[in-house]
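Just so it is clear, none of the values below were taken in a lab; they were calculated from the coordinates. Quick caveat, the model's predicted, so the values are computed rather than measured. Every residue, glycine among them, receives a Cβ derived from its backbone with ideal geometry; neighbour counts consider all protein chains shown.
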Amino acid sequence: MVLYTPYDIDIIMQDLTKPQTKQREVRLTNGIVLLGQDVESGFKIERVVCGNCNAYLIPEYQPGMVIKLT
């Protein structure tokens, strides 16, 4: 079966019996807002929110990427 969806596979295949984790919002100095979760190695990006269309093309801020916050 092929499933065409704009959502991440983790959201589609999540276990609904587990409690939902809280998303955190991180505002960067260049005006980009990232939504995601804290993981052991940093911050896992789940969504990019920005008024500048070019921000969505930055490879470092793609959903699923893990970045280190200082």
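Does Gln37 satisfy being among the polar types (S, T, N, Q) and assigned to a strand (DSSP E or B)? Against the criterion (among the polar types (S, T, N, Q) and assigned to a strand (DSSP E or B)), Gln37 qualifies. Inclusion of Gln14 among residues that are surrounded by 10 or more Cβ atoms within 10 Å (Cβ to Cβ), polar (S, T, N, Q) and not in a strand (DSSP E or B) is warranted.
Taking every residue in the range 55-66 that is touching a residue at least 40 places away in the same chain (Cβ under 8 Å) and pairing it with any residue that is among the aliphatic types (A, V, I, L, M) and outside any helix (DSSP H, G or I), at least 6 positions away or on another chain, the pairs with Cβ-Cβ distances below 8 Å are Pro63/Ile45; Pro63/Val48; Gly64/Ile45. Scanning the range 13-58 for residues that are farther than 30 Å from Met1 by Cβ, under 13 Å from the mean Cα position of the chain (by Cα) and of a type in the set (Asp, Glu) returns Glu25, Asp38. Residues in the range 45-54 that are of a type in the set (A, V, I, L, M, F, W, C) and without any contact (Cβ under 8 Å) to a residue 12 or more places away in the chain: Cys53 only. Suppose the filter is in contact with an Asp or Glu (Cβ under 8 Å, 6 or more places away or on another chain) and either part of a strand (DSSP E or B) or surrounded by fewer than 10 Cβ atoms within 10 Å (Cβ to Cβ) (or both); does Glu46 pass it? Answer is yes for this residue.
Taking the criterion of being over 18 Å from Pro6 (Cα atoms) and part of a strand (DSSP E or B), would at least one residue in the range 59-69 satisfy it? Yes. Scanning the range 1-57 for residues that are of a type in the set (Phe, Trp, Tyr) and closer than 21 Å to Thr70 by Cβ gives a single hit, Phe43. Taking the condition of being β-branched (Val, Ile, Thr) and in a loop (DSSP other than H, G, I, E, B), how many residues in the range 49-58 meet it? Qualifying residue count for the region: 1.
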